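Shown next, in structure tokens, is the structure this report addresses.
FYI, it's all coordinate maths here, none of it is from the lab. Computed from a predicted structure; not experimentally measured. We place every Cβ from the backbone using ideal geometry, glycine too, and count neighbours over all the protein chains shown.
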Amino acid sequence: MVNPPDLRALQQGDETAWDAAFGWLWPTVFAVAQLKLHPFLPNEVEDMAIEALEELVSKVRSVKSVEELKPLSASIAHHRAVSLLRERFAQKRGAGKTESLDVPADDRETKHEPALEDSPLDSLAEKELAARLQKSLAELKPPQGEILSDFFLHGLRYEEIAKKRGMAVGSVGVYLKRGLEAMRRIWGRDENS
Amino acid sequence: MNMNKERFFDLAMKVIARQSTDAERADLDAMLASQPDLRAEFARLEADARVAKDALPLMDAMAATAGELPAYARGRLQTKVRQTLGRPAVEKQPDRSFAWGLRWWLGLAAATAAVMLLVLPIFHAPNAPMIQLAMLESGGTRGSATDEVALLKQTWQTTVVHSFSDAEALRVWETSPADERKQPTIKIIYDATAGEVRVLGRWKEKPLDKTFLVERDLATTLKLVKDYVAEQTKR
């Protein structure tokens, strides 16, 4: 499904509209569940994605525009996955400790437990996290988001990014700086949104 | 960016992303030592990078389009929709001037319902499928196969499990059409060699075809299979 669903029909419980919405949202919730759980609890990924959609159903009446649905479903899936990991690893350790669950991409294969630091995203309420994700998508102008991903997620060097994107090596740093400044405006602790 | 700030930013990025050489690390340390105000900026950049690393994958996920909702989840989610949101409200209230007509139709509906109650058992459609169980033994110890058969029987409260030691014989059984004149049939096959449980069949014109890997233990997988079959065949 390419088009977003009809929000009013969803809020009225229209089964056909929900069928379409579930298909539209599934890739997002599944990708988030996989991102968080696959390194530690791979068998839980699909179930967690379904639970995230169930939770979205119960929150749909508080949604004001259809554009909020994807960020909200991503946010719900993220928080549910983080809670599940905390619960499982607290049980495993038996001390009820809370831990952060983000594994640096470069370490993911060698780690067997979540890393120790808390992610700044975990402390945000679902709606707040959803709003900031939505804002980030809107404000990161191409190719800022792509270059941030190349550098921080895929570990590419300046020269490799320049070659991949067909730009001067000196421009890579400029885009990185602008991208990080945008992220700081949106995600910084002094953010008022 | 002026040259000094540009150099600082690029060095900071490389150090934060663990891409720096020893010489670049030393250059950054020298800058931080000689310009203490840069330390705060370095700390801010580290925090920004952390947010970027955590948020960017979620943003990528929102753009994901690959993958389809599993068929078995659809029923569960629609149940949640009905329980949470109810059915769509009827837009229009009936006209009061037709109240007498409505009463007449209600009376007719009640009479029809009474007749149907008497007649329905004659044409009764089955409300549960017949479950047929089979197992392909892995060639392991005899005792473990016996335990697995017992587990299959216990899960579906049945006494018959077709046991095969030959994959071809199982394939013939698996693909032979069941006699569904009296009751729809669902075949559940535990393939110990492949470490999987297959569900095959049809319920109310809807085909069932799903494979469950035995990841943790057979009992857990059989429970998942049972839940799946129950979900697919409920009313």
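Under the Karplus relation 6.51 cos²θ - 1.76 cosθ + 1.60, θ = phi - 60°, what is the ordered set of whole-Hz ³J(HN,Hα) values for the range B:198-211, x standing for Gly and Pro?
9, 10, 9, x, 8, 9, 6, 6, 9, x, 10, 7, 9, 10
Under the definition of partner shielding as Cβ atoms of other protein chains within 10 Å of a residue Cβ, what is the mean value for peptide A:172-182? Please list the in-between numbers first.
Numbers: counts 2, 7, 3, 0, 7, 8, 0, 3, 9, 1, 2.
Shielding by partners across A:172-182 averages 4.
Count neighbours as other Cβ atoms within 10 Å of each site's Cβ, and list the GluC sites (Glu not before Pro) in the range B:18-82 that are DSSP loop with at most 14 such neighbours.
Within the range B:18-82, the qualifying GluC sites (Glu not before Pro) (loop, at most 14 other Cβ atoms within 10 Å) are B:68.
If one computes P(r) from the Cα atoms of the range A:140-193, what percent of pairs lie at distances over 17 Å?
Value for the range A:140-193: 34 percent of Cα pairs lie more than 17 Å apart.
What is the sum of charges, Lys and Arg at +1 and Asp and Glu at -1, for the other residues whose Cβ falls under 15 Å from the Cβ of residue B:62?
Here the count lands on -3.
How large is ³J(HN,Hα) for each residue in the range B:59-64, as worked out from phi by the Karplus curve 6.51 cos²θ - 1.76 cosθ + 1.60 (θ = phi - 60°), to whole Hz, x for Gly and Pro?
Per residue, the Karplus-derived 3J(HN,Hα) values read 5, 4, 4, 5, 8, 5 Hz.
Tell me the label-point distance for the pair residue B:44, residue A:146, using the 7 Å Cα-to-Cβ offset, in nm and rounded to one decimal.
2.9
When DSSP beta bridges are limited to those with both residues in the range B:130-233, what percentage is antiparallel, rounded to the nearest 5? If you can, show how the numbers build up before the last one.
Values: 14 of 25 bridges.
Close to 55 percent.
Mind checking B:65-73 for the average number of partner chain beta-carbons within 10 Å of each residue's beta-carbon?
Across B:65-73, the average partner-chain Cβ count within 10 Å equals 6.
When we measure straight from the Cα of residue A:59, which lysines land under 27 angstrom away, once same-chain ones fewer than 8 places off are left out?
A:36, A:70, A:127, A:135, B:80, B:92, B:234
Share of Cα-Cα pairs in the range B:3-62 beyond 17 Å, in percent?
Values: 748 of 1770 pairs.
More than 17 Å apart: 42 percent of the Cα pairs in the range B:3-62.
At 7 Å along Cα-to-Cβ for each site, give me the label-to-label distance between residue A:83 and residue B:35 in nm.
Rounded to a tenth, the inter-label distance reads 4.6 nm.
Taking amide H positions as placed in the peptide plane 1.01 Å from N, state which residues far from residue B:162 in sequence (5 or more) or on other chains have amide H under 5 Å from it.
Amide H neighbours of residue B:162, under 5 Å, 5+ apart: B:133, B:134, B:135.
At a 10 angstrom cut-off on C-beta neighbours, averaged per residue, how do the peptides B:4-14, A:65-75 rank from highest to lowest?
Per-residue Cβ counts within 10 Å, averaged per peptide and sorted highest first, yield A:65-75, B:4-14.
Using a 10 Å cut-off on Cβ to Cβ distances, tally the other chain neighbours for every residue of A:146-158 and report the average as a whole number.
That works out to 4 on average.
Binning at 5 Å from 0, report for the range B:145-220 what percent of all alpha-carbon pair distances ends up in each bin.
Bins of 5 Å from zero give 3, 13, 24, 26, 21, 10, 2, 0 percent of pairs.
What distance in nm lies between label points placed 7 Å from Cα along the C-beta direction at residue A:165 and residue A:65?
2.7
Rounded to the nearest 0.05, what FRET efficiency is calculated for residue B:167 and residue B:227 with R0 set to 30 Å and r the Cβ-Cβ distance?
For residue B:167 and residue B:227, the calculated efficiency is 0.65.
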